[in-house]
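Take a look at the structure set out below.
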Amino acid sequence: MLRGIAHKFGDNISTDHIIPGRYAHLRSNLPELAKHVLEDADKNFVSRVKEGDFVVGGSNFGLGSSREHAPLVIKMAGVSAILAKSVARIFFRNAINLGLPVLICDTDKIDDGDELQIDLAAGTVADITSGAEMTFGKIPDVMLAILDEGGLIPYIQKHGDFKL
Amino acid sequence: MGKTLAEKILSEKSDTDAKAGDIVIARVDLAFVQDTTGPLTVRHFQASGMSLANPERTLLFIDHAAPSPNASLSNDHIFLREFSRQSNCIISEAGDGICHQIVAEAYASPGDIIVGADSHTVTSGGLGAFATGMGSSDVAVAFGLGKNWFRVPETFKIEVKGDFPKGVSAKDLVLHLIGKIGADGATYKSLEFHGESVGKMSMAGRFTIANMVVEAGAKVGLFPADKTTREYLEGEGRGNDYRPIKADADAVYEDTIEIDATRLEPTVSRPHTVDNTALAKDLKGTKIQQVVIGTCTNGRLEDLAVAAGILKKRRPVRDLRLIVAPASRSVLLDAIAMGYIAELVEAGAIILPPGCGPCLGLHQGALGDGEACLSTANRNFEGRMGNPKSFIYLASPATAAASALTGEITDPREVL
């Protein structure tokens, strides 16, 4: 069970919003890089976000670059899950590979600042502030297995190969 | 039941009868990274304890920050060079060119599976390779296991008929397509290109279109490998890498989208999303301070030829920077031999070393506050070119060159 505050963003939040290319020189200095997370979408996000909170997007969250640094800096900010109406393909896979759940649900019902409770096993999101209840789409088994190990590299360290 | 190109390639490389929706484990023929995604990939790879499955099919490219603008990125380059020396994988140095162009010129073959830690890895779909972008963890696993898992995508058939009118090119077609279906209109899908126009299209045009399918969310953009593909590979000294490959006639498509090329007009993506398209003629009067011709989308010889043809002996307006970045060393050499570089320089162009140039905001042409750039690149997201207070328009090399002449967005048919 995950519990935290929703930080709401709009549609088409790109990997350039999440971590712009102009900070590429910080990619080998992750603590510094992480200070710029989502800066171009909301420059106050980094000071407001708390451990366990959620990033809530609209449609096509994470479009653009393959940079795994995008979900990485969101995870480093303490975010425990990303919720969106739809997610770009590479970003989705990258987040799961880092052990960061991405849940596809109707985020129109969630407002910025709402408190959410998420049951990953049951597939439900409860908006405690508004009382709204949502379900999220099933994550493919291969991704659940990777998520269970905390990410792809830990998965491979443990299993040595894909066990599908 | 027949197979789409995606199903065909994934079946072959996974030794299964793969159908859309299946999840398969497939052999990877080529895996690569570039200098902004490579260091994380190498760190993941080293943490995993694996060794390289195929060092000669594992590539590191120094192209995004090439040559490096600062010490941190220079140190990332040192890190990649050291890994290359220790592991015997291949490194492509600063000045050699953009990963996607070099993969197309020297490595990709029809029917291959290629994974790259860069979203525009899809470019090699232009020659019939199942080429797709992945993140650092996935590419690290492909480095070590020589395979990865793939969801077999559903396919949209894109049927293009008719010839391009004067002043219209493959770039206009793909911008039109993305404008029509939206920036998430093909999320997780394969886009497969068919029709008489595709048969007649040059490899440069096919690469331009395949390069941009990810801007509609697609996993891959596939062209059949045909006579044009064979001639291209022969021209690169790789005739033996050719094999014909195309979808079965009775393949099943999720959707079919028809495009009449004869009705296309020069098209532009407006800030800040690629699907925010308009016709160039309707944007007349939009002032720009910079024009970029190059990148993995439109930095090939054919693109430079079009630009030089429009710009030669005509000097651009003085308060505009015209930046030209050939996609590879080989493109640059050919453009020098053909006289295009001299024509562009005489017309006021700044020639950058082969590489990604200013496309992702690292160096070599970052925009100032309130400035607008017309670029032949593939992305116009807010902040993409180094400044969230700037504006990026995307267009073809012809539209870019015509706009460099006037200092505002200009329909190239006005100057042809």
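Only residues that are surrounded by fewer than 19 Cβ atoms within 10 Å (Cβ to Cβ), at pLDDT 95 or above and part of a loop (DSSP other than H, G, I, E, B) were counted in segment A:1-13, giving 2.
The residue list B:Leu344, B:Leu304, B:Leu322 contains one member that is in contact (Cβ under 8 Å) with a residue 40 or more places away in the chain, away from chain A (no Cβ under 14 Å), within 20 Å of the chain's Cα centre (by Cα) and not in a loop (DSSP other than H, G, I, E, B), which is B:Leu304.
Any chance segment B:38-58 includes a residue that's assigned to a loop (DSSP other than H, G, I, E, B) and either under 25 Å from B:Leu360 (Cα atoms) or within 22 Å of the chain's Cα centre (by Cα) (or both)? No, segment B:38-58 has no match at all. Go through the residues of segment A:62-76 one by one and say whether even a single one is among the hydroxyl-bearing types (Ser, Thr, Tyr) and away from every other protein chain (no Cβ under 14 Å). No, the conditions are met nowhere in segment A:62-76.
For segment B:75-122, the tally of residues that are closer than 24 Å to B:Ala204 by Cβ, within 13 Å of chain A (Cβ to nearest Cβ) and either assigned to a helix (DSSP H, G or I) or among the polar types (S, T, N, Q) (or both) stands at 6. Residue check: is B:Pro39 buried (at least 17 other Cβ atoms within 10 Å of the Cβ) and at pLDDT 95 or above? The answer is yes for B:Pro39.
Answer yes or no as to whether A:Asp16 is within 14 Å of chain B (Cβ to nearest Cβ), in a loop (DSSP other than H, G, I, E, B) and of a type in the set (Asp, Glu). When the stated conditions are applied, A:Asp16 does not pass them. Per the listing B:Thr256, B:Thr229, the residue uniquely in a strand (DSSP E or B), among the hydroxyl-bearing types (Ser, Thr, Tyr) and under 24 Å from the mean Cα position of the chain (by Cα) is B:Thr256.
Consider segment B:59-74 and keep the residues that are in a helix (DSSP H, G or I) and free of Cβ contacts under 8 Å to residues at least 12 places away in the same chain. The one that is surrounded by the fewest Cβ atoms within 10 Å (Cβ to Cβ) is B:Ala71. The single residue among B:Thr406, B:Thr410, B:Thr376 that is in contact with a helix residue (DSSP H, G or I) (Cβ under 9 Å, 6 or more places away or on another chain), of a type in the set (Val, Ile, Thr), in contact (Cβ under 8 Å) with a residue 40 or more places away in the chain and under 25 Å from A:Ser14 (Cα atoms) turns out to be B:Thr376.
Consider segment A:127-155 and keep the residues that are buried (at least 18 other Cβ atoms within 10 Å of the Cβ) and in a loop (DSSP other than H, G, I, E, B). The one that is farthest from the other protein chains (Cβ to nearest Cβ) is A:Phe136. Is it true that some residue in segment B:279-295 is closer than 25 Å to B:Thr132 by Cβ, surrounded by 20 or more Cβ atoms within 10 Å (Cβ to Cβ), out of contact with any Lys or Arg (no Cβ under 6 Å at 6 or more places or on another chain) and of a type in the set (A, V, I, L, M)? No. Selection over segment B:169-200 of residues that are away from every other protein chain (no Cβ under 14 Å) and buried (at least 24 other Cβ atoms within 10 Å of the Cβ) gives a count of 10. Of all residue pairs spaced 6 or more apart or on separate chains, those with beta-carbon atoms under 6 Å, a first member in segment A:90-107 that is under 16 Å from A:Ile13 (Cα atoms) and a second member that is charged (D, E, K, R) are A:Asn94/A:Glu68; A:Thr107/A:Lys85. The residues on offer are B:Thr406, B:Thr376, B:Thr399, and the sole one that is of a type in the set (S, T, N, Q) and surrounded by fewer than 24 Cβ atoms within 10 Å (Cβ to Cβ) is B:Thr406. Flag not set for A:Ile90, criterion: more than 9 Å from every other protein chain (Cβ to nearest Cβ), among the hydrophobic types (A, V, I, L, M, F, W, C) and crowded, with 21+ Cβ neighbours inside 10 Å. Within segment B:385-398, the set of residues being within 16 Å of the chain's Cα centre (by Cα) and within 14 Å of chain A (Cβ to nearest Cβ) comprises B:Leu394 only.
Can you name the residue in segment A:25-61 that is within 8 Å of another protein chain (Cβ to nearest Cβ) and under 17 Å from A:Leu103 (Cβ atoms) and, of all such residues, is surrounded by the fewest Cβ atoms within 10 Å (Cβ to Cβ)?
A:Ser59
The values are calculated or read from the model by the stated rules, or taken from the named source; none is laboratory data. On a predicted model such as this, the values are computed, not experimentally measured, just so you know. With ideal geometry, Cβ positions are generated from the backbone for all residues, glycine too; neighbour counts draw on all protein chains shown.
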